[in-house]
1. At what distance in angstrom do the alpha carbon centres of segment D:218-258 and segment B:41-100 lie from each other?
2. Could you work out the mean count of beta carbons from other protein chains within 10 Å of each residue's beta carbon in D:19-28?
3. What FRET efficiency do you get for C:HIS322 and C:ASN31 if R0 is 30 Å and r is their Cβ-Cβ distance, rounded to the nearest 0.05?
4. Rounded, prolate or oblate for segment B:48-101? Axes are the square roots of the Cα gyration tensor eigenvalues, ordered a ≥ b ≥ c, and the cut-off for rounded is a/c under 1.5.
5. With a ≥ b ≥ c taken as the square roots of the eigenvalues of the C-alpha gyration tensor of chain A, please select rounded if a/c is under 1.5 and otherwise prolate if a/b is larger than b/c or oblate if it is not?
6. Kindly work out what percent of the DSSP beta bridges joining two residues of chain D are antiparallel, to the nearest 5.
7. By the gyration tensor of its Cα atoms, with a ≥ b ≥ c the square roots of the eigenvalues, what is the shape of chain C: rounded for a/c under 1.5, prolate for a/b over b/c, or oblate?
8. Using 24 Å as the Cα-Cα cut-off, could you pick out the over-long pairs in C:LYS246/C:LYS285; A:LYS45/D:LYS3; C:LYS3/D:LYS2?
Amino acid sequence: MQTFSNANSGAIVLSLAERIIENRAYLSEIDGKIGDGDHGVNMAKGFGMAADRLKGKEATLSEALDTLGTVLMTEIGGSMGPLYGVMFTEFAEKLDGVPAIDAATYSLMLHAGLEGIQSIGSAKVGDKTLIDTLVPAVEAFDGATASGKPFDEALDALVSAAEAGRDSTRDLVAKIGRASRLGERSLGVLDAGATSCAIILKELSLGARARLT
Amino acid sequence: MQTFSNANSGAIVLSLAERIIENRAYLSEIDGKIGDGDHGVNMAKGFGMAADRLKGKEATLSEALDTLGTVLMTEIGGSMGPLYGVMFTEFAEKLDGVPAIDAATYSLMLHAGLEGIQSIGSAKVGDKTLIDTLVPAVEAFDGATASGKPFDEALDALVSAAEAGRDSTRDLVAKIGRASRLGERSLGVLDAGATSCAIILKELSLGARARLT
Amino acid sequence: VKKFLNNPNEVVEEMLDGVVRAHRDYIEPINGSHRALVAKTGPRPGKVGLVIGGGTGHEPCFLGYVGKGLADAVAVGNIFSSPPPDPIVQCAVAASGGEGVLFVYGNYAGDVMNFEMAAEIAEEKGIKVRTVLTTDDIASSPIEDREGRRGVAGNFFIFKIAGAACDRGLSLDACEAVTRKANLRTYTVGVALEPCSMPQTRRHNFEIGPDDMEIGMGIHGEPGVTREHIKPADDITDAIMDNIFKEMKASAGDRVAVLINSFGATPLMELYILYRRVAQRLAAKNIEIEANWIGHYCTSLDMVGASISILHLDQELTDLLHHPCETAFLRIN
Amino acid sequence: VKKFLNNPNEVVEEMLDGVVRAHRDYIEPINGSHRALVAKTGPRPGKVGLVIGGGTGHEPCFLGYVGKGLADAVAVGNIFSSPPPDPIVQCAVAASGGEGVLFVYGNYAGDVMNFEMAAEIAEEKGIKVRTVLTTDDIASSPIEDREGRRGVAGNFFIFKIAGAACDRGLSLDACEAVTRKANLRTYTVGVALEPCSMPQTRRHNFEIGPDDMEIGMGIHGEPGVTREHIKPADDITDAIMDNIFKEMKASAGDRVAVLINSFGATPLMELYILYRRVAQRLAAKNIEIEANWIGHYCTSLDMVGASISILHLDQELTDLLHHPCETAFLRIN
Ligand SMILES: Nc1ncnc2c1ncn2[C@@H]1O[C@H](COP(=O)(O)OP(=O)(O)O)[C@@H](O)[C@H]1O
Ligand SMILES: Nc1ncnc2c1ncn2[C@@H]1O[C@H](COP(=O)(O)OP(=O)(O)O)[C@@H](O)[C@H]1O
Ligand SMILES: [Mg+2]
Ligand SMILES: [Mg+2]
Ligand SMILES: [Mg+2]
Ligand SMILES: [Mg+2]
């Protein structure tokens, strides 16, 4: 059975931060079209702060995710502070004390994050939010493992589904958040949160995949 | 001896106003380079107001110039209100009561206007102001009549000298007014007042020339 | 886009450093944090505490309205982003005088999540919290969804009323009720001519065509209701006032307060031109202007544009509007 | 360039219509003219009258500073143009309380010509007139030509001092003397990042390259001292403060008032960043900030830029600075 080690996997969070910082301008630009243009800036700030705290430390993945979740939740504010804050905190909690992370644990982790987000916001699939990335990604992962696929293939399925989910937001009318007041005018552009969520899920899963033994 | 009639020549002031209004944007643009960009706007406002008061009236040239001078002096403000205000008022005074205006009267008029301006401001030739247009124009007119040239040719000389005087300001360093704080940076652009003054002198003189009998 | 900046990532910290130095007569950091500022004179035993807050980029909102007779504390977020729960909790604690604390802030998903988490924590600390979400932007949602609307420049009026109610020693219930009433009677519509740009990117957050304007623009540059060809100032004002009149059930003899607010880059000259028309429109209906404010009251960084807010007064609101206050950007006495 | 306008040629009239409606508590037209406005409470027998004025496009300069304890009347010109003599004379008459009238305005050729003509006419009417030209823009001419300098945002301080002196009932001589002192002790430097544009042309009055700024910019968009590559806010502030320190002979323990003024489109956020550095620089020399103002006090239409003004106080100026006043844009009590 494929697993990856919690110990020393904290570096995954550093590369997560790198991806977000790289995409700062892009994410703000998307948010500017139907939102307020701060998504990339805020995300980069929060992930950058977490990375600064982690740099040089040999953190476990669960510790690193906890640091990230805590920074987002307590220092960032905006929509992303609470939403991603709770997601990463939940992720961390499910991995806490697990030395070798297998597909079942990974699935548990994903579900806990999703539930955390849904406990704060009330977005559903189709509302043009990060939920449109997260829900199909989790489902694809579970579907793949249920049909007997190994961890690495399930991660691939997760990444593809996340990206397809992100792309689906282009044709959705926003039902929640800032863009919801736009009605039809919100059509034709990606949702910023769905886009950052796809980046996060991809980087996390690529990190896990590269460490599978 | 060539003369033109004071009566019914008030229309010259209307065409003067037309020229200034046509050049509104141009004059403001020049003023914007080394001044505050309002010359065309203010001139057009003042000349337009005067034209509105004159329209439909059969004014003499002296009456029309007096209206223009009074409007500028009492309603326009800025540098142009007093300077051109006094110039046109002085012009009007010298023509007042003269039925047939000859070259000698025209010269008297020009000198009175020039002195009026100099009594308010203290600009000299070379300071990069309208004086650089006005002084050589008056001198050229006087020179031409002194050398025996008829009124029409003297007017031609006046117009050429006014335009040459205007052009001379391009290579002058401003010594007075807003632009004077710029030093060398005021080189290379025309002075706004010198430019409007050339327009005024040309239109006035063309109007006179066309009416000569 | 050019701005006076040092490190673009430190822009909020540097601004707040300037704010704290400039306004020390009115506000001071709570436990040394510039993200939670308390009025020097404001909180006191027996008085309901008023906590306001939100993202930055709207200066003088929100910190300019903290002081005696107005808000007791302000929680300060990043640009266009709600503060996290912690500074809000600190504000609640600092503002609390034992009679409960009123949270008043704009209705945005991020603010709601963070302020609600803060309210829970404050309640755990034994502080009773009530919340009024401001929803004055009538362009942001149809009337059927009044509660879904955004809070924008009308905040100015709603804070003022809430602050006066608290300062008069009304109960938490009463403070909440009159603040809710002020919110329901405040109507704002904004119009943008040019976009704003974030200091960190120095690029326009969005684009408006060279001959267009955006009606109903939010204070974070959220797109508005319609994008139209730019019109004369009076036509724009008429469109806004028609919308306001549709919702505001004002009769001849009624009184209102008017706020003409620049979004940042629109100068006073143009605001007066808008005010002129607003006054004409109100006069035509025999509605009296009890008070007016014209200037930069709730901005959106460097956006070119303006908003018009009308507070439909009644006797109680008129009274509270005139109640003295002393803050960096509003003084009544 | 987009603006809220109706007829661009009527922009000043429409603005003044708005002004007169908005600020009726403070100012009223003299003989029905919006070009000459008098303070509702201000002029009174036995008090020297203070008349200020100049072109428009600088709002809230100058009309925002008319009222009890500050200016008694303001003459209002066209955009960036001095008013003609007539409204100035009307102001002198309205402001006169028999003890003479003080004219305080910026040192510009146009203003000087028109105000001097007005002064002559007022003298003919038996009103004693004294004039103080403001020359606070230290970037506009070298120190040897101090009298040739422009008057810019430092007007704010000079008007305040003059208004207080008049309100205290000082003699015309004494009012003139202390106003002259305030002018000599006020130091301003402006920086523009982007040009302004006139409502009538809606084009930039001049151009500044995409990476440049203009140091020493005047409030009418007159070019400044140098055009340089744009620098961080602290560097700009340092350059300005270095220039000011060169002229201001302040010692440790001295007190100053600080004005950080937006030229129109620069938002408060950035002004606070400038203020932060000004405060740091003053603190490093142990110079105390007695009072500060940060915002839109003397603008230049929609120009992006700001100016820093320092008033070097002494006991008399400190006293007069704190003297109460009540105007549309400055209230001290
Ligand atoms: N209730 C919610 N549930 C899930 N996602 C949400 C919710 N509200 C907003 N979002 C996400 O937040 C994103 C915007 O994030 P961001 O720009 O950082 O915050 P803000 O909208 O406060 O400026 C949206 O693109 C959307 O995906
Ligand atoms: N003292 C003076 N004598 C003659 N012309 C002058 C004087 N001062 C200024 N000018 C002229 O005035 C012109 C500027 O006019 P204008 O732009 O209308 O006024 P302002 O400088 O007040 O904005 C200058 O170009 C110059 O020719
Ligand atoms: Mg956003
Ligand atoms: Mg000019
Ligand atoms: Mg935001
Ligand atoms: Mg001018």
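1. Cα centres, segment D:218-258 to segment B:41-100: 44 Å.
2. If you average over the peptide's residues, the count of other-chain Cβ atoms is 4.
3. 0.30
4. oblate
5. Taking the square roots of the gyration eigenvalues as a ≥ b ≥ c, chain A is oblate.
6. Antiparallel bridges: around 55 percent, rounded to the nearest 5.
7. oblate
8. Cα-Cα > 24 Å for A:LYS45/D:LYS3; rest within.
The values are calculated or read from the model by the stated rules, or taken from the named source; none is laboratory data. All values reported here derive from a predicted model rather than from experimental measurement. Don't worry about glycine lacking a Cβ; one is built from the backbone with ideal geometry, like all the others, and counts go over all protein chains shown. Surface areas here come from the heavy atoms of the whole protein model, side chains and all, with no ligands, DNA or RNA. Shrake-Rupley method; radii C 1.70, N 1.55, O 1.52, S 1.80 Å.
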